[in-house]
Ligand code: PGA
C-alpha cells in the first residue's frame with residue numbers, strides 16, 4: 001500500500017520568522033496524521049535549520065529545493081547535499097521545471113544531482129513534465145520517458161525507498177491550469193509502466209508518484225481519487241498553512 005504523500009514547495013518565499021510560524025502550526029495540527037500519510041515541506045535554504053528544529057521527532061519531512069552535484073568545492077553560491085542533510089533535510093527536490101527552464105538544467109546535470117543526493121543520504125523528489133508545446137505536438141510520453149531514462153541513470157532497484165517522482169506538466173505550474181485528474185492519471189500510468197519495464201514490478205508498485213501544477217484545496221481530493229496519483233507537490237497553495245492543512249487532510253472534510 002502506498003501512503004498519500006503531500007508536499008509543499010515554498011520556492012523563494014518566507015522569511016525565517018514566517019517559516020517558523022508556519023511550521024509550529026503545521027506540527028500542532030498535522031502531527032497526528034503522520035502515521036498514515038507523508039507530509040513534507042521544502043522551505044528556502046535559509047529557513048531549513050530553524051524549521052528542522054521545530055519539526056524534529058514529528059515525522060514531518062523536510063526537503064531542500066536544490067543541491068549542487070559536487071560534494072564541495074569552489075562553487076560560489078551553491079549548497080551541497082551533505083550541507084542540506086546536516087541542516088536537517090531528509091529529501092531534496094531535483095529536476096524541478098523552474099531549475100530546468102530558468103536555469104538551464106539538462107537531463108545530464110539532473111542525473112548527477114540525483115546521484116549526489118543519494119550519496120549524501122538524501123531521498124529525492126524527482127520532477128518531470130512536458131511543456132505546452134510538447135503536449136500539443138503529442139510528445140508528452142516521449143518527453144517523460146527521456147527525462148526518466150536519462151535523469152535516473154544512477155537508479156538501482158534498491159533505491160526505490162529513496163525515490164519519489166513528481167509529474168508536473170510545465171503548462172500547469174503556477175498558471176492556475178490544473179491537468180484534469182484523467183490527464184494526470186494517464187501520465188502517471190505511463191510512468192509506473194516505464195518504471196516496471198526498466199526496474200521490475202516491485203519497484204513500480206512501490207513507486208510514489210506525485211502530481212504537481214496548480215493543486216489547490218478544491219481540486220486535491222479529485223486528483224487523489226485516481227489510482228496512480230499517490231500525492232501532490234504543491235507550490236502557491238502550500239504557502240498558507242490553513243490551505244496546506246486542508247490538502248494534508250484532503251480525505252477528512254470538516
Ligand atoms: P504550483 O507549483 O502549485 O504553484 O503550480 C507547483 C510546483 O512548482 O511544484
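Coordinate-derived values only; no laboratory data. A quick note: this is a predicted structure, and the numbers were derived from the prediction, not measured. Methodologically, a virtual Cβ is constructed for each residue, glycine included, from the backbone with ideal geometry; neighbour enumeration extends over all protein chains shown.
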Task: Fully extended contour minus Cα-Cα distance, from residue 198 to residue 159, at 0.36 nm per residue - done: 12.7 nm
Task: For 106, 178, order by how many other beta-carbon atoms lie within 10 Å, fewest first - done: 106, 178
Open item on the list: Using Cβ counts within 10 Å as a stand-in for footprinting exposure, how do 89, 127, 27 rank, fewest first?
Closed with: 27, 127, 89
- [ ] Springs between alpha-carbon atoms under 10 Å, Gaussian network over the chain: tell me which of 199, 103, 167 tops the mean-square fluctuations.
- [x] 103
Task: Cα-Cα P(r), the range 119-163, percent of pairs per 10 Å interval - done: 25, 44, 23, 9
- [ ] With a/c under 1.5 counting as rounded, go ahead and sort the chain into rounded, prolate or oblate using the C-alpha gyration tensor (a ≥ b ≥ c being the square roots of the eigenvalues; past the cut-off, prolate if a/b is larger than b/c, else oblate).
- [x] rounded
- [ ] Output the relative contact order of the range 44-172, whole-number percent, from Cα pairs under 8 angstrom with separation of 6+ residues.
- [x] 24
Open item on the list: For 202, 248, 94, 144, which order do you get if you count the other beta carbons within 10 Å of each Cβ and list the fewest first?
Closed with: 202, 144, 248, 94
- [ ] Note down the relative contact order for the range 5-248 as a percent, whole number, built from C-alpha pairs under 8 angstrom at least six residues apart.
- [x] 19
Open item on the list: Using 0.36 nm times the number of residues separating residue 146 and residue 45, minus their current alpha carbon distance, what extension gain do you get?
Closed with: 33.4 nm
Task: Estimated FRET transfer efficiency (residue 221, residue 58; beta-carbon r; R0 25 Å; 0.05) - done: 0.55
- [ ] Pop a pseudo-label 7 angstrom from the Cα along the beta-carbon direction at both residue 16 and residue 86 and give the gap in nm to one decimal.
- [x] 1.7
Open item on the list: Within the range 1-18, name every residue whose backbone N is under 19 Å away from a label modeled 7 Å from Cα of residue 252 along the Cβ vector.
Closed with: 2-8
